[in-house]
Amino acid sequence: MENLSAAGGHQLRGDSVFSQTEHNVVAAYLITAGVVSLLSNLVVLAMFVKYRELRTATNAIIINLAFTDIGVSGIGYPMSAASDLHGSWKFGYAGCQIYAALNIFFGMASIGLLTVVAIDRHLTICRPDTGRTMTGRTYAYLITAAWVNAFFWAIMPIAGWASYGPDPTGATCTVNWRKNDSSFISFTMSVIAVNFVVPLVVMFYCYYGVSRAVKCCSSGQYLDNINMDWSEQMDVTKMSVVMILMFLVAWTPYSVVCLWASFGDPKQIPASLAIIAPLFAKSSTFYNPCIYVIANKRFRRSIVAMLRCQTRKEITINTLVPMTISQLPLTQ
């Protein structure tokens, strides 16, 4: 294992296709994005800790989403930034495997949780009768399924299905798409199908239903059947559109690189695309709080109250927006 680790470390140190200046630019981006992401997600968690009224079934998904973002920004960003400042990967073969696995783990968990959010909102708005049957235990099962799915795909390259290795920058590690053998191709196709195509289809279906429901409400149809006021319906619609767009922005470049490596010549992939793709995928860590927290009236007002150091007695969260099915306490 020592020889293998040494070989891996040597390979990582000699593979960079970027100058030190370019490495420094990437490091500056990673440090900035990491700090913003870490602070914003810690604010989200602090808000849930302070205001017990916000600890609802749906918001439990958002809490878990914040943990995935903290995982990437607290572990992935620092290791990658340190390596970029160093000019090459500086944590050895074992560090490469751990880093890549954790990034895949948190990334896949994030996608799974985003899909659960879409399902929840679809049931809440479009199928309120079904939504009422959702309990805290049901949400716990869905959230656990997202984490278990992420763990499975993160551990597979370590177990031998595909592998982890350095990317062309030489300063970070990911699925070794330059070794495009049958194992890599089958793994990549499976990951893209299960963790990109399927979630995207589910999101489009769910939010298409949401948009239709909002349209019906705007024309005065079925308004009594949906326990949400018009302003919150508009919030949900806006967040739906933004979420789908940002999901595509974040993960499409990485999927393109993997598909290119699977069916083309990995050596022909531009180095700029090779580094931009994972950076875009990681970018979700700092825009998620904006989409899922800042864009929501209840959360936005709660954050303002928290920053003003208001106590729970000085702000009544429950009266800010009428309660919906998915806003029932976790104890129900």
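The values are calculated or read from the model by the stated rules, or taken from the named source; none is laboratory data. Treat the numbers as computed from the prediction; the structure is a model and nothing was measured. Note that we place each Cβ from the backbone using ideal geometry, even for glycine, and neighbour counts take in every protein chain shown.
Among the residues of region 1-35, those that are more than 24 Å from residue 69 (Cβ to Cβ) and modelled with pLDDT of 50 or more comprise 15, 16, 17, 18, 19, 20, 21, 22, 23, 24. Counting only helices (runs of 4 or more DSSP H) that sit completely within region 75-187, those holding 2 or more residues that are under 22 Å from the mean Cα position of the chain (by Cα) correspond to 77-86, 92-126, 136-159. Does residue 113 meet the test of being hydrophobic (A, V, I, L, M, F, W, C) and out of contact with any Ser or Thr (no Cβ under 9 Å at 6 or more places or on another chain)? Against the criterion (hydrophobic (A, V, I, L, M, F, W, C) and out of contact with any Ser or Thr (no Cβ under 9 Å at 6 or more places or on another chain)), residue 113 does not qualify.
Here residue 172 meets the list (1) at pLDDT 85 or above; (2) closer than 30 Å to residue 23 by Cα almost entirely, failing just condition (1).
Evaluating residue 193 against the criteria (1) at pLDDT 60 or above; (2) surrounded by 14 or more Cβ atoms within 10 Å (Cβ to Cβ) leaves one unmet condition, (2).
So that you can scan it fast, the table gives a plain yes or no per residue for (1) touching a residue at least 40 places away in the same chain (Cβ under 8 Å); (2) crowded, with 22+ Cβ neighbours inside 10 Å:
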position: 18; (1), (2): yes, no
position: 30; (1), (2): yes, yes
position: 39; (1), (2): no, no
position: 42; (1), (2): no, no
position: 49; (1), (2): no, no
position: 53; (1), (2): yes, no
position: 81; (1), (2): yes, yes
position: 89; (1), (2): yes, yes
position: 92; (1), (2): yes, no
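Taken together, the residues in region 149-169 that are at pLDDT below 90 and either of a type in the set (Gly, Ala, Ser) or surrounded by fewer than 19 Cβ atoms within 10 Å (Cβ to Cβ) (or both) amount to 1.
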